[in-house]
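The values are calculated or read from the model by the stated rules, or taken from the named source; none is laboratory data. Model, not experiment: these values are computed from the prediction. Reconstructed Cβ throughout: ideal geometry from the backbone, glycine too, with neighbour counts over all protein chains shown. When the accessible area is computed, the model is the full protein with side chains, heavy atoms only, and any ligands, DNA or RNA have been set aside. Shrake-Rupley method; radii C 1.70, N 1.55, O 1.52, S 1.80 Å.
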Amino acid sequence: MPRKAKAVLCRSHNKPVTVEEINVDPPKRGEVSVRLAACGVCHSDLSAITGTIALPLPLVLGHEGAGVVEELGEGVTELAKGDRVIFSFIYMCGKCRFCVSGRPVLCLEQGRALTTPLEGSPRVHDAKGAPLNIFSGCGAMAEYATVSAENLIQVDAKIPAECAALVGCGVTTGVGAVFNTAKVEPGSSVAVFGCGGVGLSVIQGARIAGAERIIAIDTLEAKLAMAKRFGATDVLLAGEDPVKALKKLTGGGPDYAFECVGSGELAAAAYRAIRRGGLAVVVGVAKPSDATSIRTMTLPFEEKTLTGSYFGSCVPRVDFPRMLALYLKGELKLEELITRRYRIDEAPQAFADLEAGRNARGVILF
Ligand SMILES: [Zn+2]
Ligand SMILES: [Zn+2]
């Protein structure tokens, strides 16, 4: 029998989300039903609402989820009822050249599990029985979700769900960009453009990696104050020429720069700012039409690198436990990222706060 659950839906672009009662089917072969405990409100959810990330509607939002295993489908042996799990929004086939070479975020099958469970038919329906799509194989902004077992990573039961949830997207995206994509070295200098949940995670990743200088750049004073609490050694209010300021602060440019906003202009600024031989990493997701322009000649003459990082170039089964180990050691701040907690009925407010830049992270608690 399907279970009734409250869920946060996007029914039309650029309209407030709705909170509705939906029906969640029990798990089929290879699937698991999870009772959600917490779900982060991520900028990618907002991008689905605005249409920047083109996912079919109506859509059950949410991918930064944590909860408890409620029911197992046939053939699922790696999890048990009562296990605590985090959702992973990337699907890993485990067989393609990217999966076998340790880069599952680039899995060739990625698109297949984007809006429905892998097997293909929707597991959730609205009150009238119409099928619903789910965000990136998750649909975690709901009291219950039925997803592929591959999308779930087991975690230590003593970790609070609201903290575990954040590791499922924003934290891993930021810290992973530092550890896995850039491989930031101790004693280096790092610039971070944009201090939302991901930018703050880049900042704390750089602190843990032993960066000597961490320079945060944002348009909001409040975010710069937060950046300092997460490990920024210097802050710059955006507006003036940040490239000039960064070159001056670091005596020629930082070793690394991270763009965490999703702007071609800022990606170019990050590239211009880095020293010769430096590395600029684009983490933010820009609009499809956005483009970046750099002086081509600087590529050979200055041996600079401009690259991207998707989901922290992570391997969820390796990196999620690694992030949580750093949290348990007191090095990775997770509670501190949570600006505000919401009930599911307050989801429209949660998105309004995210859009206004009021939160490092908002979390819906179930
Ligand atoms: Zn694959
Ligand atoms: Zn996300």
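Just subtract the alpha-carbon distance of Lys28 and Arg229 from 0.36 nm times their residue separation and send over the number in nm, one decimal.
Numbers: separation 201, 0.36 × 201 = 72.36 nm, distance 4.53 nm.
Result: 67.8 nm gained on full extension.
Can you compute the charge dipole magnitude of the chain about its Cα centre, using +1 on each Lys and Arg Cβ and -1 on each Asp and Glu Cβ, nothing else charged? Give it in debye, rounded to the nearest 20.
With Lys and Arg at +1 and Asp and Glu at -1, about 440 debye.
I'd like to check one number: the per residue accessible area of the range 253-325, probe 1.4 Å, reported in Å² as a whole number.
For the range 253-325, the solvent-accessible area averages 49 Å² per residue.
If packing is taken as the mean number of other Cβ atoms within 10 Å per residue, what is the order of 135-145, 300-310, 279-289, highest first?
Details: 135-145: 29.1, 300-310: 15.3, 279-289: 20.2.
Highest to lowest by the protection proxy: 135-145, 279-289, 300-310.
Summing -39500 (n - 2.57) over the DSSP H runs of n ≥ 4 in the chain and dividing by its residue number, what mean residue ellipticity at 222 nm do you reach, to the nearest 500 deg cm²/dmol?
Value at 222 nm, helices only: -7000 deg cm²/dmol.
Ranked highest first by the average count of other Cβ atoms within 10 Å around their residues, in what order do 209-222, 262-275 fall?
262-275, 209-222
What does the highest-first list of 185-198, 24-37, 238-251 look like by mean Cβ count within 10 Å? Display every interim value, and only then the final one.
Values: 185-198: 24.1, 24-37: 20.4, 238-251: 15.6.
Result, highest mean first: 185-198, 24-37, 238-251.
With charges set only on the Cβ (+1 for Lys and Arg, -1 for Asp and Glu), what does the dipole of the range 169-264 come to about its Cα centre, in debye to the nearest 20?
So the magnitude is around 140 debye.
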